[in-house]
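A.B. asks: One structure is given below, represented as structure tokens, and several questions about it will come after.
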Amino acid sequence: MKTIIVYFSKSGRTKRTAEKIAAVTGSDLYEIQTRKKYPSNYFKTLGIARAELKRNEYPELAGRPDLS
């Protein structure tokens, strides 16, 4: 059975960690991306995310991993 590491990274820190884990385990990587681009500013993104959650809205994903 093959392993895939699925991650989301705003700043790049989680991406680097996922890459390190994949290198050690031999896993494939898949980065979750949203269709809508969020601001690079953390606090602006936080405000948008809180408003979306309050409206029970979730961002549309740009794609899905191939798990075959």
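A.B. asks: Among the candidates Ser27, Ser40, which residue alone is surrounded by 11 or more Cβ atoms within 10 Å (Cβ to Cβ) and among the small types (Gly, Ala, Ser)?
C.D. replies: Going through Ser27, Ser40 in turn, just one is surrounded by 11 or more Cβ atoms within 10 Å (Cβ to Cβ) and among the small types (Gly, Ala, Ser): Ser27.
A.B. asks: Using beta carbons and a limit of 8 Å, which pairs, at least six apart or on different chains, have the first residue in the stretch 49-68 and closer than 14 Å to Phe8 by Cα and the second one aliphatic (A, V, I, L, M)?
C.D. replies: Listed pairs, sorted by first residue: Leu61/Ile32; Pro65/Ile4; Pro65/Val6.
A.B. asks: Just to be sure I understand the filter: pairs with C-beta atoms under 9 Å, separated by 6 or more residues or on different chains, first member in the stretch 1-19 and closer than 16 Å to Lys37 by Cβ and surrounded by 13 or more Cβ atoms within 10 Å (Cβ to Cβ), second member among the small types (Gly, Ala, Ser) and at pLDDT 90 or above. Which pairs pass?
C.D. replies: Ser9/Ala18
A.B. asks: Something else: Here are some conditions: (1) within 11 Å of the chain's Cα centre (by Cα); (2) at pLDDT 95 or above; (3) hydroxyl-bearing (Ser, Thr, Tyr). Thr17 meets all but one. Which one does it not meet?
C.D. replies: (1)
The values are calculated or read from the model by the stated rules, or taken from the named source; none is laboratory data. The shown structure was predicted, so the numbers you read here are calculated from the model rather than taken from an experiment. Don't worry about glycine lacking a Cβ; one is built from the backbone with ideal geometry, like all the others, and counts go over all protein chains shown.
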